[in-house]
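Note sheet for the following structure.
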Amino acid sequence: MSNPFTLQNKTILITGASSGIGRATAILCAEMGATLFITGRKESKLNETFTNLSGSGHQKLVLDFENEDAITRLVAAIDQLDGIVHSAGIVDNVPFQFIKQKALDKIFNLNLNVPLMITRDLIKKRKLHSKSSIVFLSSLVGVGKTYYGATSYSASKGAISSVIKVMALEMATKKIRVNSVCPGMVLTEMVDNLEAISSNQLKKDEKENYPLGYGTPEQVANAIVFLLSDASSWITGTNLVIDGGASIH
Amino acid sequence: MELAQFVKDFELQFEEVEPNSITPDTIFRDIDEWSSLMALVIIAMADENYNVKLTGDDIRNSKTVKDIFEKLKVK
Ligand SMILES: NC(=O)c1ccc[n+]([C@@H]2O[C@H](COP(=O)([O-])OP(=O)(O)OC[C@H]3O[C@@H](n4cnc5c(N)ncnc54)[C@H](OP(=O)(O)O)[C@@H]3O)[C@@H](O)[C@H]2O)c1
């Protein structure tokens, strides 16, 4: 019997593969048999992921998506794909009355515009096979659960959680599926960079709000692999919440 | 960078405190309006007015308004 959960014979693009959820997803996808094209901003970190990929035939490309030609270079370097995971992203933690236009533009560019433009160009250039699966990284804040200081981050993720539905609808004729995962708190570099939140506050938040505790990148990667595989062939336009029960309350 | 000005900027972030009631020695956690949101507000104010990035741990390890000012000064 064929295994619907395998990623064998699939080529998958993963952005943000140099760290956190993107890295864990890359490592697991390779273990599940996929051939990967991975990108990251910092070369040494991307190489570290690359050397940890099982199997062969993988490719990597260092790109800073703040550079104007990054998307063109990426799309040109790719041949054919069966899946995309958009894990590159940034966070911000500033109360609403202090938000700045420049910071807002930056977060919208990296979290929303870049993944949309990459996907658009790959589709236009017919580099996505029929039955491909596209997975965006939204967040719990993208589906209505939020916290202090999340204005710009939740605006960008809310946009993702909304646009995947339009894309799923329009792409159904090509049999391309579009979903997002919406993780709660996962301790990665992104959270380390949230300097305005003290380590004590995080401990308290975990204890009070997460029945199963905070998550790991690997736990999110498992759900992403499911959405990439044929096992989820009837799932499209869904925001899959993965949060250790945080949104039960 | 002046302590008196910082205390004023600090006080301005609150809605319900009497003008001039906050001093350098005020224990900020005792202010009724203090919350984790106010900690973010103070961090954002320090960034906007003083171009200094305080962390959540800077606030946590401070007791008085002056303690925060001292952390601001050395950054
Ligand atoms: N951690 C969480 O709690 C959590 C929760 C919900 C959703 N998410 C989402 O999950 C995704 C991955 O987050 P993470 O926690 O794994 O964060 P992370 O460890 O900080 O990884 C972020 C990735 O994005 C890349 N990146 C950032 N800016 C870039 C740029 N200008 N150009 C190219 N790449 C860039 C980073 O590259 P370098 O490392 O090479 O700089 C890194 O690979 C994000 O979209 C995030 O919003 C995270």
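Throughout, read-outs are computed from the coordinates displayed, never taken from laboratory work. Predicted model, so just to flag it, every value in this text is computed and none were measured. All Cβ positions, even for glycine, are placed from backbone atoms using ideal geometry, and neighbour counts span all protein chains on display.
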**Message:** From the Cα trace of the stretch A:171-249, what convex hull volume per residue do you get, rounded to a whole Å³?
**Reply:** 113
**Request:** Would you grab the residues whose amide H sits under 5 Å from the one on A:ILE242? Only those 5+ places off in sequence or on another chain, please, with H modelled 1.01 Å from N.
**Result:** A:CYS182, A:GLY184
**Message:** Taking amide H atoms as placed 1.01 Å from N in the peptide plane, list the residues 5 or more away in sequence, or in a different chain, whose amide H sits under 5 Å from that of A:GLY83.
**Reply:** A:THR11, A:LEU13, A:SER133
**Item:** Dipole moment magnitude, nearest 20 debye, the protein assembly as shown about Cα centre, only Lys, Arg, Asp, Glu C-beta charged
**Value:** 1640
**Request:** Find, among the chymotrypsin sites (Phe, Trp or Tyr not before Pro) in the stretch A:1-106, those assigned to loop by DSSP (not H, G, I, E, B) with at most 13 other beta-carbon atoms within 10 angstrom.
**Result:** A:PHE5
**Item:** HN-Hα J in Hz across the stretch A:124-140 - Karplus 6.51, -1.76, 1.60, θ = phi - 60°, x for Gly and Pro
**Value:** 4, 7, 6, 9, 10, 4, 4, 6, 5, 10, 10, 10, 9, 9, 8, 5, 3
**Item:** Given charges at Cβ of Lys, Arg, Asp, Glu: the stretch A:48-150 dipole, positive-most of A:GLN101, A:HIS58, A:GLY83
**Value:** A:GLY83
**Request:** Step through the residues of the stretch A:23-40 one at a time and calculate ³J(HN,Hα) from phi using the Karplus curve (6.51 cos²θ - 1.76 cosθ + 1.60, θ = phi - 60°), rounding each to whole Hz and writing x for Gly and Pro.
**Result:** 5, 4, 5, 4, 4, 5, 4, 5, 4, 7, x, 6, 9, 10, 10, 10, 10, x
**Request:** Apply the Kirkwood formula to the stretch B:3-74: the hydrodynamic radius equals the inverse of the mean of 1/r over all pairs of different alpha-carbon atoms; give it in Å with one decimal.
**Result:** 12.0
**Item:** Highest-MSF residue in chain A out of A:GLY22, A:GLY158, A:GLY142 [GNM, Cα springs under 10 Å]
**Value:** A:GLY158
**For the protein assembly as shown, Kirkwood radius (reciprocal of mean inverse C-alpha pair distance, Å)** = 21.3
**Fill in**
Checking chain B for GluC sites (Glu not before Pro) in a loop per DSSP with at most 13 other beta-carbon atoms within 10 Å yields B:GLU2, B:GLU15, B:GLU16, B:GLU33
**Under Karplus coefficients 6.51, -1.76 and 1.60, residue-wise ³J(HN,Hα) of the stretch A:238-249 in Hz, glycine/proline x** = 9, 9, 8, 7, 10, 8, x, x, 4, 8, 5, 5
**Item:** Sequence-distant lysines (8 or more away, or on other chains) whose Cα lies within less than 17 Å of A:LYS125
**Value:** A:LYS174, A:LYS175
**Prompt:** Over chain B, what is the relative contact order in whole percent, taking alpha-carbon pairs under 8 Å and six or more residues apart?
**Reply:** 35
**Request:** Quick one: which residues, 5 or more positions from A:LEU36 or on another chain, have an amide H under 5 Å from its amide H? H modelled 1.01 Å from N in the peptide plane, none for Pro or chain starts.
**Result:** A:ILE12, A:HIS58, A:GLN59
**Complete:** Rounded to the nearest 10, the angle in degrees between the Cα long axis of helix A:217-228 and the longest principal axis of the Cα atoms of chain A comes to 40
**Request:** Could you tell me which trypsin sites (Lys or Arg not before Pro) in the stretch A:151-214 are loop residues by DSSP with no more than 15 other beta carbons within 10 angstrom of their beta carbon?
**Result:** A:LYS175
